[in-house]
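Step one of this worksheet: look at the structure below.
Derivation of every value follows stated rules applied to the coordinates shown; laboratory data play no part. The shown structure was predicted, so the numbers you read here are calculated from the model rather than taken from an experiment. All Cβ positions, glycine included, derive from the backbone under ideal geometry; neighbour counts span all protein chains shown.
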Amino acid sequence: MQARIYVADDEPLVLNALVKRLSQGLHQVQAFKSGDELLAAVEKNVPDLILLDVKMPGRTGIEILEVIRKKTRDAVVVMMTAYGTVEEAVEAMKLGAYDFLIKAVDLSAVEPVVARALEHVRRGR
C-alpha cells in the first residue's frame, strides 16, 4: 500500500532524514517545518499517517494534535520528541495519538512504528 505521510518537525536535519527514509518505501511523503503548515495541508487533504514533533515554535505538537482531532479521526498520528515526558505521552494518547516516539539518532526505530501504524490504516483504523 502506498500511503500519504505528512512529517512535521522544526529540526531540518531530522525532517529531511525522516522524509528521505520514509520515501524509500514508495510512500508519498510531505515535509512541514511547523504545525501551522501541517494544519493548512490537512485542511486540504487528510493523509494516512502524520508524524508530528511535540516541541515546535508557536503551537506545540500537542496543540496541533488537538486541532487535527477536532477536524478528523481519519489520520493516524504518531507523536515524536527528543525530550518527552510521561505527562506529554499520556496527554497525546488521550487526545488520540496512535503512538509516542522518542526521537533517536537511529532512524530504524521509526520504521517499525510506521509499519504498525500503516497496518492499522489498512485494517480500517
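Of Ala89, Leu65, Val114, which is farthest on the positive side of the dipole of the chain, counting Cα position, with +1 on Lys and Arg Cβ, -1 on Asp and Glu Cβ, and the Cα centre as origin?
The one lying farthest along the dipole's positive direction is Val114.
If you compute Cα extents along the principal axes in Å for the structure shown, which of (1) 38, 30, 25; (2) 32, 31, 25; (3) 53, 36, 26 do you land on?
Of the listed options (1) 38, 30, 25; (2) 32, 31, 25; (3) 53, 36, 26, (2) comes from this structure.
What are the residues whose amide H is under 5 Å from the amide H of Val29, where those residues sit 5 or more places off or on another chain and H is modelled from the backbone?
The answer is Ile5.
List the aspartates and glutamates whose Cα sits under 19 Å from the Cα of Lys94, skipping any in the same chain fewer than 8 residues away.
Asp53, Glu63, Glu66, Asp74
Let me spell out the model: positive unit charges on the Cβ of Lys and Arg, negative unit charges on the Cβ of Asp and Glu, origin at the Cα centre of the chain. What dipole size does that give, in debye rounded to 20?
Dipole magnitude for the chain comes out near 480 debye.
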